[in-house]
Amino acid sequence: MMRKFKKAIVPVVVAGLAFALTACSGGTSADTAKDASGPLTVWVMGDSSKNFEKLVEPFVKSSGQKVDVVAIPWDSIDQKLTTAVASGSGPDVVQIGLTKLRSFADAGALLPLDGKIAAYPNLAASKFADGVGGKATAVNGKIVSVPWVADTRVLFTRTDILAASGIDSPPTTWDQLRADARTLTQRGPNKFGYYIPQWDNALPVEMTWDFGGDIVNSKGDIDFNTTAFHNAVDLYTGLYADKSVPTNADFDQTQGFVSGTVPMLVSGPYLAAGINAAAPQLAGKWTVSTLPAADKGTSLFGGSNLGIFTTSKHQNGSLKLLDFLSKSSTQLNWYTINGELPTVKAALNDSTFTSDPLVKVYTKQLADAKVLPIIPNWDGGVGTNLLKALNSIALTHSDPKSTLETFYQSTAGISAK
Amino acid sequence: MAVSNVLTTARTRRRTAATRARPGRGRLTPYLFIAPAMLLLLAFGVFPIVVAAAVSITDMNISGLADWHNVNFIGAANYVKLFADPDFWQALGNTAFFVIIGVPSVVLVSLGVALLLNRSGNWFFRSLRAFYFIPAITAIVAISLVWGYLYNTQFGLLNWVLSLVGVPPVQWLSDPVLAKFSVALVAIWRGTGLNIIIFLAALQGVPREYLEAASLDGAGEWRQIRSIVVPLLRFAIFFVTVTTIISWFQFFDEAFVLTNGGPLGATTSISIFLYHQGFQQSAFGYASAGSLILFVLIAVITVAQLRLRRSDVDY
């Protein structure tokens, strides 16, 4: 109880202090369009603010605007948002995971940027990758954020293990993947062909996209009751039925991939970093390739956008910061410092950047990638229900028909506009 | 110690109640004394419940938090929805399971350990007392990390030990049925420490003369425990049972950090269900309705226990 109370009170106190400081030093400025003085507060996702501070150093030097970076652990963003909205005092700039974008916008926390970004050439929708730029991440037709970092899903394979089982190259279709997974599972007890993270609510959606469908219908509502989704369910549960997938929820994917227990899995670039850190000696024995295809090979366009809090007293400074962060050079610098992929087209096409073979695959996949529907609470609502339905069919053998029927009913009619 | 105080107060309460009936001067004095505690209780106990009750008849969510105009009165709709929600029923069932498994285990294990520890006061037994108390004062996150590693299917200690005797890996936290027991075990292990101390304190209050007299009468050790010690521990047992029942109805920490309610909702207690609804989905109205139901459940059960206790004899 105390712990939760502390968690809740910290941002309030911090925000309160920040407010008090700005109130003291700000004086009485008659011009409302002008920013209040004092530092600009930025909430970045993650455990450390160091890298981001390093990134914005040139901005601070050239503009004279001080920037306060606060790292927010991914787990606590919901609570931080709630307290910021309830107390009416948030940061100036905030990093928002794409699946959380709708919740932030619905809470009225984000400043609409439609009229404002025209003055900043780097913030034009056309500058960003098509999957996330402009209308792709607008909420109710309004632009409330600009793209920041990209994330996607690609296929990781242990080429050495595949070769030992007589498989020359990573599978390029889901059918092939399923067959290969069966072959690889036969290597012995406690060996598997493929790994499905039980918490990955994007995978079934990627499969649906690959079968040529979508989970949003022509009216802009969530709709899972489609042939493409049925095919995706067959593939997802089929991999379990083949016994090609470990069934324990606490399976560690990095460990499993390094040890060879699962020689194939779909994951994000962060796994590559994890493998390099955990097992550098494995270099050359594994590779990444674009997602297996059925009708299509579309993958997830994940990542984060940046928005400006409605309550910000530093709107101009914030826009300038966003403009700086959307420069191609800044984004490439961020990849070097923090390993997160850029969202700006110029950076994604930069030849020194794409000379890395892994990056080449990522950027190729990003060109064929979509964002999850921007609905309130993807992770807590539809995403959770989706996994619960699929996993109860795959793991506890509940009746597919009635389970899916309940799932369709629970998610039908949610607007993704 | 605290408990022996409580015991004496309980014993003397009825007597003073009878003599205090005189009205007039000083009637307000006791209220003055309890006022600080009362104010705290009102501010942090009663007021939140009233707020929750008010929120539970609205469709309050995060946009309502930002602007009060977005909050609408929806009557009992949250309650109707709650009773039709299979996830809520699953959470209720899980909570019942945890209470039924957890409460008797915690009470019996702590009573048993306390009786054993009470047999001697030498350094070994004293250090054992500290040892049994350690789980109660260790941070839950540290506990869950350690137990998470013990339970891990791939590289956990438990499965490694089992593999030595040729048992295939057990899915401690991934099997929907087993996960309930695994999580409950950690909570029982963690919950006994404090109760052992309470029982030990109460055991100090058992007069030596009774035991001596009994042994002179030829009562064996088992007979002494059954006929003298346990009856004299009635109030301590009652106190431990009530607090344990309440804490198991609010079961949260262990399941939250070990499984976050999974696999497939098998360890989702009502508290975790409410946390997911309220803090992840920002459905504050819905979560408030659920929390009110939990409150009523706990209140009814506690009041029933107190009623049963009232008809009991004092020694």
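The values are calculated or read from the model by the stated rules, or taken from the named source; none is laboratory data. This one's a predicted model, so the numbers in the text were calculated from it and none came from an experiment. Every residue, glycine among them, receives a Cβ derived from its backbone with ideal geometry; neighbour counts consider all protein chains shown.
So, restricting to strands (runs of 3 or more DSSP E) that lie completely within the stretch A:61-165, which ones have at least 3 residues that are closer than 30 Å to A:Thr363 by Cβ and within 14 Å of chain B (Cβ to nearest Cβ)?
Details: elements: A:67-72, A:93-97, A:146-152, A:154-158.
In the stretch A:61-165, there are no strands (runs of 3 or more DSSP E) which contain 3 or more residues that are closer than 30 Å to A:Thr363 by Cβ and within 14 Å of chain B (Cβ to nearest Cβ).
Might you let me know whether the stretch A:161-181 holds any residue that is modelled with pLDDT of 95 or more, among the hydroxyl-bearing types (Ser, Thr, Tyr) and surrounded by 22 or more Cβ atoms within 10 Å (Cβ to Cβ)?
Taking every residue of the stretch A:161-181 in turn, none turns out to be modelled with pLDDT of 95 or more, among the hydroxyl-bearing types (Ser, Thr, Tyr) and surrounded by 22 or more Cβ atoms within 10 Å (Cβ to Cβ).
Which condition number in (1) away from chain B (no Cβ under 14 Å); (2) at pLDDT below 90 is the one that A:Tyr362 fails?
(2)
What residue, among those in the stretch A:310-327 that are over 23 Å from the mean Cα position of the chain (by Cα) and under 17 Å from A:Glu57 (Cβ atoms), is surrounded by the most Cβ atoms within 10 Å (Cβ to Cβ)?
Only one residue fits best here, namely A:Gly317.
Filter the stretch B:63-113 down to residues that are polar (S, T, N, Q) and within 14 Å of another protein chain (Cβ to nearest Cβ) and give me whichever is farthest from B:Leu185 (Cα to Cα).
For the stretch B:63-113, the residue satisfying everything is B:Asn70.
Kindly indicate whether A:Arg187 is out of contact with any Leu (no Cβ under 9 Å at 6 or more places or on another chain) and of a type in the set (Lys, Arg). Break it down into steps so the answer makes sense when it comes.
On the way: out of contact with any Leu (no Cβ under 9 Å at 6 or more places or on another chain): yes; of a type in the set (Lys, Arg): yes.
The answer is yes for A:Arg187.
In the stretch A:254-298, how many are polar (S, T, N, Q), touching a residue at least 12 places away in the same chain (Cβ under 8 Å) and within 19 Å of A:Gly188 (Cβ to Cβ)? It would help to see each step written out before you state the result.
Here is the first cut: in the stretch A:254-298, the residues polar (S, T, N, Q) are A:254-255, A:259, A:261, A:267, A:276, A:281, A:287, A:289-290, A:298.
If we keep only those that are touching a residue at least 12 places away in the same chain (Cβ under 8 Å) too, we end up with A:254-255, A:261, A:267, A:287, A:289-290, A:298.
Those left that are additionally within 19 Å of A:Gly188 (Cβ to Cβ): A:255, A:261.
Summing the residues that are polar (S, T, N, Q), touching a residue at least 12 places away in the same chain (Cβ under 8 Å) and within 19 Å of A:Gly188 (Cβ to Cβ) in the stretch A:254-298 gives 2.
For the stretch A:389-407: of the residues being free of Cβ contacts under 8 Å to residues at least 12 places away in the same chain and within 11 Å of another protein chain (Cβ to nearest Cβ), which is surrounded by the most Cβ atoms within 10 Å (Cβ to Cβ)?
Going residue by residue through the stretch A:389-407, those that are free of Cβ contacts under 8 Å to residues at least 12 places away in the same chain are A:392, A:396-399, A:401-402, A:405.
Next, only the ones that are within 11 Å of another protein chain (Cβ to nearest Cβ) stay: A:392, A:396, A:398.
On the way: A:Ser392: 20, A:Thr396: 14, A:Ser398: 16.
For the stretch A:389-407, the residue satisfying everything is A:Ser392.
If you check A:Ser289 against the conditions, is it closer than 21 Å to A:Ala163 by Cα, in contact with a Phe, Trp or Tyr (Cβ under 9 Å, 6 or more places away or on another chain) and at pLDDT 95 or above?
On the way: closer than 21 Å to A:Ala163 by Cα: yes; in contact with a Phe, Trp or Tyr (Cβ under 9 Å, 6 or more places away or on another chain): yes; at pLDDT 95 or above: yes.
So A:Ser289 passes the test.
Considering only residues of the stretch B:280-315 that are over 22 Å from B:Thr95 (Cβ atoms) and of a type in the set (Ser, Thr, Tyr), which is modelled with the lowest pLDDT?
Once the filter is applied, the top-ranked residue is B:Tyr315.
Look at B:Leu294 and say whether it is assigned to a helix (DSSP H, G or I) and either within 11 Å of chain A (Cβ to nearest Cβ) or surrounded by fewer than 16 Cβ atoms within 10 Å (Cβ to Cβ) (or both).
no
In the list B:Val55, B:Val71, which residue meets the criterion of being under 30 Å from A:Asn377 (Cα atoms), touching a strand residue (DSSP E or B) at 6+ places or on another chain (Cβ under 8 Å) and buried (at least 17 other Cβ atoms within 10 Å of the Cβ)?
B:Val71
Suppose we filter the stretch A:264-287 for residues that are closer than 17 Å to A:Ala150 by Cα and not in a loop (DSSP other than H, G, I, E, B); how many remain?
Total satisfying the criteria: 7.
Residues A:Val371, A:Val361: which one is farther than 25 Å from A:Ser218 by Cα, under 20 Å from the mean Cα position of the chain (by Cα) and touching a residue at least 24 places away in the same chain (Cβ under 8 Å)?
After ruling out the rest, the residue left standing is A:Val361.
Quickly run through the stretch A:204-254 and pick out the residues that are buried (at least 20 other Cβ atoms within 10 Å of the Cβ), of a type in the set (A, V, I, L, M, F, W, C) and more than 19 Å from A:Leu372 (Cβ to Cβ).
Residues satisfying the conditions are A:Leu239, A:Val245, A:Ala249, A:Phe251.
Just name the residue that is nearest to the other protein chains (Cβ to nearest Cβ) out of those in the stretch A:365-381 that are surrounded by 24 or more Cβ atoms within 10 Å (Cβ to Cβ) and within 14 Å of A:Leu203 (Cβ to Cβ).
Step by step, filter the stretch A:365-381, then rank; the result is A:Trp378.
Which one is farthest from B:Ala184 (Cα to Cα), of the residues in the stretch B:160-173 that are without any contact (Cβ under 8 Å) to a residue 40 or more places away in the chain and touching a Leu at 6+ places or on another chain (Cβ under 9 Å)?
So, considering only residues that are without any contact (Cβ under 8 Å) to a residue 40 or more places away in the chain and touching a Leu at 6+ places or on another chain (Cβ under 9 Å), the one farthest from B:Ala184 (Cα to Cα) is B:Pro168.
If you go through the stretch A:390-417, how many residues are among the small types (Gly, Ala, Ser) and in a loop (DSSP other than H, G, I, E, B)? Show your work before the answer.
Let us first name the residues in the stretch A:390-417 that are among the small types (Gly, Ala, Ser), namely A:392, A:394, A:398, A:402, A:410, A:412-413, A:415-416.
Right, trim to in a loop (DSSP other than H, G, I, E, B) and you get A:398, A:412-413, A:416.
Residues that pass the stated criteria total 4.
Only one of these is touching a Gly at 6+ places or on another chain (Cβ under 8 Å) and either part of a helix (DSSP H, G or I) or closer than 23 Å to A:Trp199 by Cα (or both): A:Leu387, A:Leu366, A:Leu332, A:Leu319. Name it.
From the options A:Leu387, A:Leu366, A:Leu332, A:Leu319, the qualifying one is A:Leu366.
Could you go through the stretch A:388-396 and let me know if any residue there is under 30 Å from A:Asn231 (Cβ atoms) and assigned by TED's automatic domain parsing to the domain that holds A:Pro58. Even if it seems obvious, please write down each step before you answer.
Residues of the stretch A:388-396 that are under 30 Å from A:Asn231 (Cβ atoms), as a first pass: A:388-396.
Okay, now just the ones that are also assigned by TED's automatic domain parsing to the domain that holds A:Pro58, so none.
Taking every residue of the stretch A:388-396 in turn, none turns out to be under 30 Å from A:Asn231 (Cβ atoms) and assigned by TED's automatic domain parsing to the domain that holds A:Pro58.
From B:Phe199, B:Phe252, B:Phe256, which residue is under 16 Å from the mean Cα position of the chain (by Cα), over 23 Å from B:Leu158 (Cα atoms) and without any contact (Cβ under 8 Å) to a residue 24 or more places away in the chain?
Unique residue meeting the criteria: B:Phe252.
Which ones in the stretch A:90-144 are without any contact (Cβ under 8 Å) to a residue 24 or more places away in the chain and among the basic types (Lys, Arg)?
Listed by number, the list holds a single entry, A:Lys135.
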